[in-house]
Amino acid sequence: MMITRFLRWWGDWGLKPLEQLLAECASIIANGGACNIGDHLYVDGGQDPAALELMSKAFKFIRAREEYLASSSVPYVAVLLSAASSWAQGRLLADDAPLRGVHLLLLESGVHHDVLLDSRLLEGLHEYRLVIVPSQRVIEPEFVDALREYVAGGGSLLVTFDSSLTDGQLGLGELLGVELESEEPLELGYIKPLDPGLVRGLPESPIFVRGKFLAVRSVEAEVLAERLEAYRPPRTGLGYEDWLGAGYGSPVEEGAAPAITIARRGKGVAAYVAADIFRTYYSYRSWAIRRLVRNLLDLLIRDKLLEVEAPPTVEVTLRRSGQRIIVHLVNWQASRSPSTPLMSEEVVPVPRVKLRLRLERRPAQVKLVPVGEAQLEWLYEDGWLEAVVEGLKIHSMIIAELAEGEGGA
């Protein structure tokens, strides 16, 4: 992956802080990428010695981890990227805000995941414990059939907003146990959790969603949360910001409709969120939406593989190389937003990261790499590797070495 030493990409000849460049390299290698740091020559053909020194330190950082970088992602949670949905938009750069939003939310929730094209996901669909379809309006019939089989066989599915919406119907509606009442999206609203599992860590108050909803009714699904409308003034044609205040925008209890549903199909479950919730998270970054979705994931992922207790700044990925199971921890403290520049001048170590990793047998060895940059304590009990990392700086890897012939995560 190409990154640069420049503060604002190619057009700014300033230098990034070393800590920021190292964090970018760490995120790349944690996801199986290779780092390529770009630079420009001066008009006389020379190079900036300070830039060369900066890049040298970055590659020294990578070299200390090089032995463990050739690896593959462990299947856990899959996010669908429908090629047909992107092409259907009819423009060079597709609107991928829902996709970016779900990636950001999962990343900040410490949930290891893969974003996969439908053709790639079809090859290993049944390896994943959860599949998320984030507002992918066009889904190929072949993939719809595959999702039905996946759920019936014990898989968990989460679908949001207008995914599979064609000719006034949701193509996945039968699987989800809901029917569309109107194709016209509703602007703004609230989600009021009803299921006790959804309210964990949240105030007893409806959650504002600054985005669109679809009106649906439950046919065979259980309603886990209701949609409440936002009160609007009598005047129309005004933008949201123009009529804020004096009670405008507050939740209205009358006329509640399903916002989150779940249907049990065969051995699996299929959940639906009627809001464009991942697009909303990408633009609005509501902590309550992140917590709500994380609670929903806890209900859907019934056979947990990895559990993490860490602040949202910690990115977690799970990879495998032969008999090694590798958990990457990246302490990313710059803002995760599309705006530039990304800036982190001083990285404050994370005091404590706690995780649990399911392993079939006790590992032969567990260590933290690089040695000396943080502290690791671990124990293996009842099929779980429990680890605590103290003083995470920018990047560390927990390496679980398995004995030859043993299963893994």
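The values are calculated or read from the model by the stated rules, or taken from the named source; none is laboratory data. Bear in mind that the values here come from a model prediction, so they are computed numbers and not experimental data. So basically every Cβ, Gly included, is an ideal-geometry build from the backbone, and we count neighbours across all protein chains shown.
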Next on the checklist: Just the residues that are touching a residue at least 60 places away in the same chain (Cβ under 8 Å), assigned to a helix (DSSP H, G or I) and over 23 Å from the mean Cα position of the chain (by Cα), please, taken from the stretch 149-204.
Outcome noted: Ala152, Leu175
Next on the checklist: Looking at the stretch 234-260 only, could you name the residues that are touching a Phe, Trp or Tyr at 6+ places or on another chain (Cβ under 7 Å), modelled with pLDDT under 85 and outside any strand (DSSP E or B)?
Outcome noted: Gly247, Gly249
Item to check | Conditions (1) surrounded by fewer than 23 Cβ atoms within 10 Å (Cβ to Cβ); (2) modelled with pLDDT under 95: number failed by Ala146 | outcome: (2)
Next on the checklist: Quick check on my filter: what residues within the stretch 205-233 are outside any strand (DSSP E or B) and not basic (Lys, Arg)?
Outcome noted: Ser205, Pro206, Val219, Glu220, Ala221, Tyr231, Pro233
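Report whether or not Leu172 is touching a Ser or Thr at 6+ places or on another chain (Cβ under 8 Å) and either among the β-branched types (Val, Ile, Thr) or within 23 Å of Arg279 (Cα to Cα) (or both).
Judged against the criteria, Leu172 is a match.
Specify which of the listed residues (Val209, Val223, Val219, Val178) is surrounded by fewer than 16 Cβ atoms within 10 Å (Cβ to Cβ), among the aliphatic types (A, V, I, L, M) and closer than 21 Å to Gly255 by Cβ.
Working: Val209 fails: surrounded by fewer than 16 Cβ atoms within 10 Å (Cβ to Cβ); Val223 fails: surrounded by fewer than 16 Cβ atoms within 10 Å (Cβ to Cβ); Val178 fails: surrounded by fewer than 16 Cβ atoms within 10 Å (Cβ to Cβ).
Just a single option satisfies the conditions, and that option is Val219.
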Item to check | Conditions (1) in the same structural domain as Gly201 (by TED's automatic domain parsing); (2) within 21 Å of Asn31 (Cβ to Cβ); number of the one not met by Arg63 | outcome: (1)
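So that you can scan it fast, the table gives a plain yes or no per residue for (1) surrounded by fewer than 22 Cβ atoms within 10 Å (Cβ to Cβ); (2) under 13 Å from Val102 (Cα atoms); (3) among the hydrophobic types (A, V, I, L, M, F, W, C):
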{"residue": "Ala257", "(1), (2), (3)": "yes, no, yes"}
{"residue": "Ala270", "(1), (2), (3)": "no, no, yes"}
{"residue": "Ala274", "(1), (2), (3)": "no, no, yes"}
{"residue": "Arg279", "(1), (2), (3)": "no, yes, no"}
{"residue": "Arg290", "(1), (2), (3)": "yes, yes, no"}
{"residue": "Asn295", "(1), (2), (3)": "yes, no, no"}
{"residue": "Leu299", "(1), (2), (3)": "yes, no, yes"}
{"residue": "Leu305", "(1), (2), (3)": "yes, no, yes"}
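Only one of Pro363, Pro351 is outside any strand (DSSP E or B), modelled with pLDDT of 95 or more and not aromatic (Phe, Trp, Tyr). Can you tell me which? Working first, answer last.
Working: Pro351 fails: outside any strand (DSSP E or B).
Exactly one residue qualifies, and that residue is Pro363.
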Checklist entry - Would the stretch 312-321 turn up any residue that is in a helix (DSSP H, G or I), among the β-branched types (Val, Ile, Thr) and surrounded by 17 or more Cβ atoms within 10 Å (Cβ to Cβ)? => result no
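Residue by residue through the stretch 1-53, note down the ones that are of a type in the set (Gly, Ala, Ser), at pLDDT 85 or above and either part of a loop (DSSP other than H, G, I, E, B) or surrounded by fewer than 18 Cβ atoms within 10 Å (Cβ to Cβ) (or both).
Matches in the stretch 1-53: Gly32, Gly33, Ala34, Gly38, Gly45, Gly46, Ala50.
Do we find a residue being on the phi > 0 side of the Ramachandran plot and touching a residue at least 24 places away in the same chain (Cβ under 8 Å) anywhere in the stretch 257-269?
yes
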Next on the checklist: Kindly evaluate Ser119 against the criterion of being on the phi > 0 side of the Ramachandran plot, among the hydroxyl-bearing types (Ser, Thr, Tyr) and touching a helix residue (DSSP H, G or I) at 6+ places or on another chain (Cβ under 8 Å).
Outcome noted: no
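For every residue, the table says whether it meets (1) part of a loop (DSSP other than H, G, I, E, B); (2) within 16 Å of the chain's Cα centre (by Cα); (3) within 29 Å of Arg137 (Cβ to Cβ).
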residue	(1), (2), (3)
Ala271	no, no, yes
Ile289	no, yes, yes
Leu297	no, yes, yes
Val327	no, no, no
Glu346	yes, no, no
Item to check | Residue list for the stretch 54-65, filter: of a type outside the set (Ser, Thr, Tyr) and either in a loop (DSSP other than H, G, I, E, B) or over 18 Å from Lys393 (Cα atoms) (or both) | outcome: Leu54, Met55, Ala64, Arg65
